[in-house]
2 protein chains.
Amino acid sequence: MATISDVARAAGVSPATVSRVFNGGRVTAERAQRVREAADTLGFSPNRVARSLRTQRASVIGLLIPDIANPFFTALARGVEDAAQRTNLSVVLCNTDEDVDKERRYLDVALAEHMAGLVVAAASRRRTDLSAAAQRGMPVVAVDRRPRAAEVDAVMVDNQHGAEDATAHLIERGYRRIACVTGPAGASTSEDRLAGYRAALRDADVPDDWIRAHTRHADFRVEGGYTAMKELLALDVPPDAVFVANNLMTVGALRALREAGIAPPGFGILSFGDVPWASLVHPSLSTVHLPAYDLGEAAATLLQERIAGSAKPLQTVVLRTSLEPRKSTAGPG
Amino acid sequence: MATISDVARAAGVSPATVSRVFNGGRVTAERAQRVREAADTLGFSPNRVARSLRTQRASVIGLLIPDIANPFFTALARGVEDAAQRTNLSVVLCNTDEDVDKERRYLDVALAEHMAGLVVAAASRRRTDLSAAAQRGMPVVAVDRRPRAAEVDAVMVDNQHGAEDATAHLIERGYRRIACVTGPAGASTSEDRLAGYRAALRDADVPDDWIRAHTRHADFRVEGGYTAMKELLALDVPPDAVFVANNLMTVGALRALREAGIAPPGFGILSFGDVPWASLVHPSLSTVHLPAYDLGEAAATLLQERIAGSAKPLQTVVLRTSLEPRKSTAGPG
DNA sequence: ACTCGGGCTGAAATCGATTTCTCACCCGGC
DNA sequence: GCCGGGTGAGAAATCGATTTCAGCCCGAGT
C-alpha cells in the first residue's frame, strides 16, 4: 500500500506538497502534474485512518436502527445511505434489536471510533441516552422516534395526525367498533399513534372507557400483533375493525384473523406503515404509507449540515404520511 | 474526550502503562487499579482511530450485499453482525444495488479505510473484482455468490442440489409441465439453480428443447418475475407448475398468476428462497428454505479466522438447503 | 557479597496523513 | 540598488494510541 511519502519520493517533492495536491493547496501546475502521475502509477489512495486521526473527523456516520428485518427501516437505511454517499460518507449500520444495552454498546463504539455523526432511531424513549454523544460534540439526528429530553435534531412522521386521519377513514367507511393494537407504552411512536386513534374516536362520540377496553399494547413485532388481535377477537362483543400501529403487528393480526375465519371487507383493517407485499396479498387492506426513504434522506442531510458546522437552532422536521385506502369500495355491511 | 495521556497523568504513570493495563501487558495490581479508577472517572475509552493507525488493523469489517430490501440479505446481515460482535468488530453495511460500479466504489472505500476484512455477496460473477483487496492482504470471504476466478474463501448454499430436490418434489406431486424462472445469466446462483432444475427434469425424461423453451432469465427482482411469468402463461400450452429461482421473483410470479386467475394446487409453485410472510399468505407455496442467517454467521466466523492470521488453505463451506413443502397434500388434478 | 535474570516502567519511536512555521525566491516600486 | 509583499515548498509538529528498547529493582543462586 503506497503512502504519501512514497508518492512524494517518486515525484521528487515533499509529502506536504502531495497532500496539498489532493486537498486543494496551492501548488504549481507542473509539480501537481508530476505528483498526480506518481500517485496514479503507485495506485495511491490516502489512508483514511491516518487522515481521520489528524483531522479529528472521520468519513463515517453511524446509523442505529432497532430492527433490520423490518422493511420500514431498510427503506430508511437506503435513504440515509444515498444521502451520505453524495458527500462521500460511508454508513455503519448498527442493528440494536430494540435492546437498550446493545444500543449503548453501539453508541460507545461510535464514540470510540470518532464517527462524524449519528442517525438514531432510538430503541427506547425513556432509556436511550444520547447525551454522551451530544456532550462530546458529535452531531446526532433522531429519526422516526424521539428520545425524551434529548437535545438533538429530529426527523419524524406526523404520527398523531396520520393515525387520526386513518381512523376517521375507517369510521367513514361505516365501521363502528374499531379496536386498536399499538406499540409499547414507552415509545413515542406508539403513544402518538394511539393519541391520533383516540382523537378520531372521541370525535365520533365513542366513550373513553370503550376505547380503553379495546386498546392493546404490544411490542411492534409479528407475535405481539397476533396475540393482541386474538385477545380482541375473544371479547364478548368483538370489534368490527382494527387500527394496527405498525406493519409487523399487522402481519400478526392478519394471521389471527385468518385463523378466526374473518376477512375484509366485513372486518376493516388499517395498518400504520406499509405491509410488505400487501398489495399482492391483501388488496383489501388500508395502509398509512410512511415515507421511510425520505425520512432517512432528510435525517442524513440534516446530519451533514451539522457535520459541516451549521449552528442553526435545533430543528424538527415532520414529514406527512399519506393514506392508501383499500381498493374495494364496499363497507362492512 | 479523554486521551491515554490524560489518564496516565491522573494516575501518575506513563501512557505506556495505561496501554498495558487495557491490552493485557504486565502491570502490578496496585498500579493497574489506579489506572482503572482514573480511566473510569475520566470516562476514557481508547481512540480506535489512533489504535487502527498504529496497529495497522481496524476493528471494522465491511459487508457488501446487492440488495438490502431483500429479506434474504437482511437475515444474512444479522448473521454477520452477531458473529462480528462476539469479537468486538463492527460491521459497515454497503448496499451495492446489484451495481458493479457502486460495488467498486465501496471496495475502494474499504481499502482506503483499511478495514479488517470483507464479506462480499458479489454483484456480478464476471465483473466483480476482488483481486485488489486480496493483493493488499485484506481477508475476503465470498458469500452466497462466488465471483469467478476469485481466490477467496466462500460460504455458499448447495444451489444445484437444492433446486434438483425441489423440482423432483414437484414431479412427485404429479406436475408434468414445470417451467422455470431463473436469474441473470451471469450469476452463479441462477446458473446453479437452473442446472439443478434441468437435472431433475432430464431425470424424468423431459426433452431438452422443451426445457429450453420453458426457461426464462430475469433479474432476481419482483418485476422480472412478474414479466417472465406472464410470458410463460402466454405460451400455447402453458405450464402447470413453475420453479422460481429466488424469493422476490416469486412475489412477481404470484402476482402474474393471481391476475390470470390461477392458483394452487391446480398450479404448482416452488420458490427457491423463503418468501416473506408466505406462510400467512400462501400456505400452498412450497419453498426451498435458505439458511441465510447461518450463511452470514459462517462467513463472518471464517473471516475472523483469517483476520486472526489463519493460513489454512482456502476453503468453501456449503450449507444445505431444506425443502418446506406446502401444507396441503393435494396434487394438480 | 556479587552476579545474573526476570519482571515492571517510562522514554521515545512509530503508524500516515495534515498543517503550521519558516524560509527562499521573485516581482514591482521607489 | 534596496525593500516589502506575496507565493510556493520543505521541515517539523501533531493527532492518540502501541510497542520497542533500555534501565531499574529485587530476589535467588554461588
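A short reminder: the numbers here are calculations on the coordinates, not readings from a lab. This one's a predicted model, so the numbers in the text were calculated from it and none came from an experiment. Reconstructed Cβ throughout: ideal geometry from the backbone, glycine too, with neighbour counts over all protein chains shown.
Of note:
- Amide hydrogen neighbours beyond the local backbone of B:I269, cut-off 5 Å, H modeled: B:V242, B:S286
- Sorted shortest first, the separations between the A:D209 label point and its copies elsewhere in the assembly read 8.1 nm; each point sits 7 Å from Cα along the Cα-to-Cβ line.
- With the alpha-carbon atoms of region A:1-141 aligned to their principal axes, the span from lowest to highest coordinate is 59, 31, 24 Å, starting with the largest.
- Cβ-vector label at 7 Å, B:L42, separations to other copies in nm: 3.5
- Take the Cα of A:R57, step 7 Å toward its Cβ, do the same at A:A16, and the gap between the two points is 2.3 nm.
- Each copy carries A:P184; placing its label point 7 Å along the C-beta direction from Cα gives inter-copy distances of 4.0 nm, listed from smallest up.
- In Hz, Karplus ³J(HN,Hα) per residue of region B:193-202 (6.51, -1.76, 1.60; θ = phi - 60°; x = Gly, Pro): 5, 4, 4, x, 4, 4, 4, 5, 5, 4
- Candidates B:T182, B:T87, B:T17: whichever shows maximal mean-square fluctuation once chain B is modelled as a Gaussian network with Cα springs under 10 Å: B:T17
- Taking Cβ atoms as reference points and 10 Å as the exclusive limit, the residues near A:A163 contribute a net charge of -2, counting Lys and Arg as +1 and Asp and Glu as -1.
- Cα centre as origin, Lys/Arg/Asp/Glu Cβ charges: region B:48-89 dipole, Debye: 380
- Nonlocal amide H pairs with A:L323, under 5 Å, H built at 1.01 Å: A:H289
- Potential lengthening between A:R258 and A:A199 on full extension [0.36 nm per residue; Cα-Cα distance subtracted]: 18.3 nm
- Exercise: per-residue mean of other protein chain Cβ atoms within 10 Å, B:92-98: 5
- Residues considered: B:R54, B:R20, B:R136. Largest GNM mean-square fluctuation over chain B, using C-alpha springs under 10 Å, is found at B:R20.
- Label-point gap, in nm, between B:T3 and B:Q33 - each point 7 angstrom along Cα→Cβ: 3.0
- Rounded if a/c under 1.5, otherwise prolate or oblate - region A:159-290, Cα gyration tensor axes: rounded
- Note on B:A50 and B:R148: their simple-model spin labels are 4.9 nm apart, each label 7 Å out from Cα toward Cβ.
- If the segment from A:L314 to A:D236 were pulled out straight at 0.36 nm per residue, it would be longer than the present Cα-Cα gap by 23.1 nm.
- Across peptide B:81-88, the average count of Cβ atoms from other chains found within 10 Å of a residue's Cβ is 2.
- By the Kirkwood approach, averaging reciprocal distances over each pair of separate Cα atoms, chain A gets a hydrodynamic radius of 22.2 Å.
- Rh by Kirkwood over Cα pairs, then Stokes-Einstein D for the protein assembly as shown at 1.567 mPa s and 4 °C, µm²/s: 47
- Centre separation in Å (Cα based) which lies between region A:85-107 and region A:147-171: 23
- For residues of A:43-56, the mean tally of beta carbons on other chains within 10 Å: 5
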